[in-house]
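Read the figures in this text as sums done on the coordinates, not as results from a lab. Source: prediction; values computed, not measured. Quick reminder, even Gly has a Cβ in these numbers, built from the backbone with ideal geometry, and neighbours come from all protein chains shown.
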Amino acid sequence: MKKLSGAEMVVQSLRDQGVKYVFGYPGGAVLDIYDAIHTLAGIDHILVRHEQAAVHMADGYARATGEVGCVLVTSGPGATNAITGIATAYMDSVPLVIFSGQVMSNLIGSDAFQECDMVGISRPVVKHSFLVKRAEDIPAVIKKAFYIASTGRPGPVVIDIPKDVVNPNHKYPYHYPEDIALRSYNPTVHGHKGQIKKALKALLVAKKPVLFVGGGAITANCHEQLKQFAKRLHLPVTSSLMGLGAYPGTDEQFLGMLGMHGTFEANTAMHHSDLILGIGVRFDDRTTNNLAKYCPHAKVIHIDIDPASISKNVPAAIPIVGSADSVLDEFLALLEDENLVRSQADLSDWWKQIEEWRARKCLKFDRHSQVIKPQQVIETVYRLTQGRAYVASDVGQHQMFTALHYPFAQPRRWINSGGLGTMGFGLPAALGVKLAYPQETVVCVTGDGSIQMNIQELSTAQQYGIPVVIISLNNRFLGMVKQWQDLIYSGRHSQSYMDSLPDFVKLTQAYGHVGIQIDTPDELEEKLAQAFAQKDKLVFVDVRVDETEHVYPMQIRGGAMNEMILTKPESA
Amino acid sequence: MRRILSVLLENESGALSRVVGLFSQRAFNIESLTVAPTDDPTLSRMTIEAYGDEQVLEQIEKQLHKLVDVFKVMNLSDCDHVEREVMLVKVKAQGTSRDELKRLTEIFRGQIVDVSQKSYTIQLVGTKDKLDAFVATVKEESPIIEIVRSGLISLSRGEKNCL
């Protein structure tokens, strides 16, 4: 058995785990690990410019590939900087393993230089965490961390390692475990057969069913089964922000996204439905509006791998704990029974009703405007990328415009911070995606507010030559804040105007990339095409869009699902 | 609604803080919490007394179970169970009340575990109600100096175990 130091064990374990990329930033407490990365090789390390971006990059990589993203940061500020990234991944159930350095064991608790209780400070935003006390434990802890991060409902796992544990002078026998068993952690994968049958029977007699999919359907990689199932029963399908792409957005049975900025047809269908089949959703406040008025006629069937998500916000009549793919397989197997299918209620009246709602064309916008409409930018991006790009988004109006106007036909193409709503997520996430899929077109849709929260990563993109296309919908405002101020605060724009914006074209050029500015609608198509034609350079497209535009539909606060405004009211 | 949960968790550093953190993080109300290792040194048993409506209590149970360190969660309110709590009461004991306090302690089947010229420390084991009743009775007789209560511990009745 070979003997390795703690630092070498970290690197060797990652190699044995099959990790390709580590995103990180060195510092005192992790120098021994960085030295082992250098001497052992075999791991590509991406040096970021801020630890938060390292986590978002690993996060983007993980969301696009389904693999576990890996991060390495130092103690103290390295660890605290990573927290926002970890919380982002936690809210959206993204599998990550984050290594943080820690001061020497004998200094823990003494307020030493760059000391921070990482296990404590990260506790509310991790799935689990470890403080490694002995070098010999490193391989098993890493194995456990990857297992916990990637199974059940995925999430980030922190491994905090004191500096003395990775001392290069002390070597121990190294063995990377093949399997791991944890007596206290056994996620349920297969749903209860009785419940599954009961759910299917209820679904078949429903006259106004809606299939509501969320991020869990993407995690479970069940898009094939989902499509088959929805097609077989001709079910209307809607999705949360996180579920976009689980069911093809281009399909006629898809009603668009639901929720606060959901489509008229999706929200109205939910309100009037008699049965909601929720798959991998958590009924969070942005998807339900006022719970007291939520879908008054609907019976809820809820499939989720996390039992704590079921009946947390909306009581489920038929709960099914299990992985979405496994449960859908069971559904499809049951549908082989023809008698069962023949009992299905006629949905033609329901569809007729839905088509009437759809005919309202709630996403229409002024196509003859003299200033560029943000919706138009997204539509053009959609056309130029044939709807096949990986799109990482920041947070705000541009995020909603993209969710509504870029119908994703495939899962894992829409990369955004849905749960925590982290501005600054988009650019680093896009870089992570591009590293995973260098041949694919990767777009970062952002705004003049969000992009500045992690703009320093343009430098990382330069160092490693990561050519993503950044589309910044620049409206000189914090658009979503402004929209709320227009609607709720009588147009008092308190601190939402971005005075003194940099010249983004020059800024991009200063980092060694290509910058393009677009001012008028007539140059939109051509200049965007130029941007996408650049295959080996990062392009920053600064698009000057209409500052007065709002995202609609928008649900009325405290109302039911079907209570929404479709256009800007006179008062705004 | 009141609920007693018996939780077996890995006896590892950080496990307790995860459970305690859960209650503050999710704004759950907790009345008492006790924890100590069991006969199996790798497991600790925690008894939690919590209040809330049915939905909140169900969430507490699920969220506890979701913690990677938690091996088992059992709702003892659902079955026959024994509840106990230990209390130490330091009370002023002078003049005639010394005899009366001794008598009260016997009636409640407590023990005087420390004596000074001016005070008794009385140990009492029982259900929460019994301890409350004792405190109320003692107060009428003599001023209480200080009190410590262990928090509730509980086990199911009968030969079955929680595992």
Mean-square fluctuation maximum in Gaussian network of chain B, Cα pairs under 10 Å, restricted to B:Val35, B:Val70, B:Val82, hits B:Val82
Using the Karplus equation 6.51 cos²θ - 1.76 cosθ + 1.60 (θ = phi - 60°), what ³J(HN,Hα) coupling, rounded to whole Hz, does each residue of segment A:89-101 give in order, writing x for Gly and Pro?
5, 5, 5, 9, 6, 9, x, 9, 10, 10, 8, 10, x
Using a cut-off of under 11 Å, list every residue of segment A:541-571 whose amide N is near the label point 7 Å from the Cα of A:Asp503 along the Cα-to-beta-carbon line.
none
Calc'd 3J(HN,Hα), segment A:387-404, phi into Karplus 6.51 cos²θ - 1.76 cosθ + 1.60 (θ = phi - 60°), Hz, glycine/Pro = x, comes to x, 10, 6, 7, 10, 9, 10, 8, 10, x, 4, 4, 5, 5, 4, 5, 4, 8
Rough spin-label spacing in nm, given labels placed 7 Å along Cα→Cβ, for B:Cys79 and A:Val189
3.0
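With 30 Å as the limit, write out which pairs from A:Lys352/A:Lys568; A:Lys3/A:Lys163; A:Lys127/A:Lys361; A:Lys127/B:Lys128; A:Lys207/A:Lys568; A:Lys143/A:Lys198 have Cα-Cα distances beyond it, or answer none.
Over 30 Å Cα-Cα: A:Lys127/A:Lys361; A:Lys127/B:Lys128; A:Lys207/A:Lys568; A:Lys143/A:Lys198.
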Which ³J(HN,Hα) values in Hz, rounded to whole numbers, follow from the phi angles of segment A:252-266 under the Karplus curve 6.51 cos²θ - 1.76 cosθ + 1.60, where θ = phi - 60° and Gly and Pro get x?
5, 7, 8, 9, x, 6, 10, x, 3, 10, x, 6, 4, 5, 5
Under 18 Å Cα-Cα from A:Lys201, which aspartates and glutamates qualify once same-chain neighbours fewer than 8 residues away are excluded?
A:Asp274, A:Asp329, A:Glu330, A:Glu336, A:Asp337, A:Glu338, A:Asp346
With each label point set 7 Å from Cα along the Cα-Cβ vector, what nm distance links A:Lys201 and A:Thr250?
4.0
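Across all directions of projection, what mean area in square nanometres is found for the Cα convex hull of segment B:15-163?
Its average projected convex-hull area is 10.9 nm².
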Label A:Tyr437 and A:Asn169 with points 7 Å out from Cα along Cα→Cβ: what is the distance between them in nm?
4.9
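Tell me, what is the Rg over Rh of segment A:334-463, with Rh the Kirkwood radius over Cα pairs?
1.12
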Amide hydrogen neighbours beyond the local backbone of A:His128, cut-off 5 Å, H modeled
A:Val158
Please report the equivalent ellipsoid semi-axes of chain A, computed as sqrt(5 x eigenvalue) of the Cα gyration tensor, largest first, in whole Å.
40, 32, 20
For segment A:506-546, what number results from the quotient of the Cα radius of gyration and 2.2 N^0.38 Å?
1.15
Taking only the alpha-carbon positions of segment A:185-280 and ignoring solvent, what does the Debye formula give for the base-10 log of I(q)/I(0) at q = 0.10, 0.15, 0.22 Å⁻¹?
-0.26, -0.58, -1.19
Answer with one residue from B:Thr96, B:Ser32, B:Ser116: the one whose Cα lies farthest towards the positive end of the charge dipole of segment B:18-163, charges on Cβ with Lys, Arg +1 and Asp, Glu -1.
B:Ser116
When the chain is fully extended, how far beyond the present Cα-Cα distance does A:Met1 get from A:Asp536, taking 0.36 nm per residue of separation?
188.1 nm
In chain A, taking the dipole from +1 charges on Lys and Arg beta carbons and -1 charges on Asp and Glu beta carbons about the Cα centre, the listed residue (A:Val321, A:Tyr406, A:Leu211) farthest towards the positive end is A:Val321
Highest mean first, how do B:50-58, A:341-349 rank when packing is the count of other Cβ atoms within 10 Å averaged over residues?
B:50-58, A:341-349
The set of residues whose placed amide H lies less than 5 Å from the amide H of A:Cys116, leaving out same-chain residues fewer than 5 positions away, is A:Gly76, A:Val103
Take the alpha carbon atoms of segment A:321-400, find their radius of gyration, then divide it by 2.2 N^0.38 Å using N residues; give the quotient.
1.76
Give me the dipole magnitude in Debye, nearest 20, for the protein assembly as shown about the Cα centre, with unit charges on the beta carbon: positive for Lys and Arg, negative for Asp and Glu.
740
Overall Cα dimensions of segment A:516-572, principal axis frame, Å, largest first
48, 23, 14
Mark the label point 7 Å from the Cα of A:Leu340 along Cα→Cβ and return the residues of segment A:212-229 whose backbone N is within less than 20 Å of it.
A:212, A:222-229
Proxy reagent accessibility, fewest Cβ within 10 Å first, across B:Ile145, A:Ile488, A:Ile455, A:Ile372
A:Ile488, B:Ile145, A:Ile455, A:Ile372
What is the dipole size for segment A:314-443, taken about its Cα centre, with +1 at each Lys and Arg Cβ and -1 at each Asp and Glu Cβ, in debye to the nearest 20?
900
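Between A:Ala529 and A:Lys364, how high is the FRET efficiency from 1/(1 + (r/R0)^6) when r is the Cβ-Cβ distance and R₀ = 25 Å? Nearest 0.05.
Step by step, r from the Cβ atoms, then E = 0.50.
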Amide H contacts of A:Ile470 (H built 1.01 Å from N, under 5 Å, at least 5 apart or other chain)
A:Cys444, A:Val539, A:Phe540, A:Val541
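What percent do you get for the relative contact order of chain B when only Cα pairs under 8 Å and 6+ apart count?
Relative contact order, chain B: 27 percent.
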Estimated FRET transfer efficiency (A:Thr39, A:Tyr464; beta-carbon r; R0 25 Å; 0.05)
0.75
With springs only between Cα atoms under 10 Å apart, run a GNM on chain B and tell me which of B:Gln25, B:Gln94, B:Gln111 wobbles the most.
B:Gln25
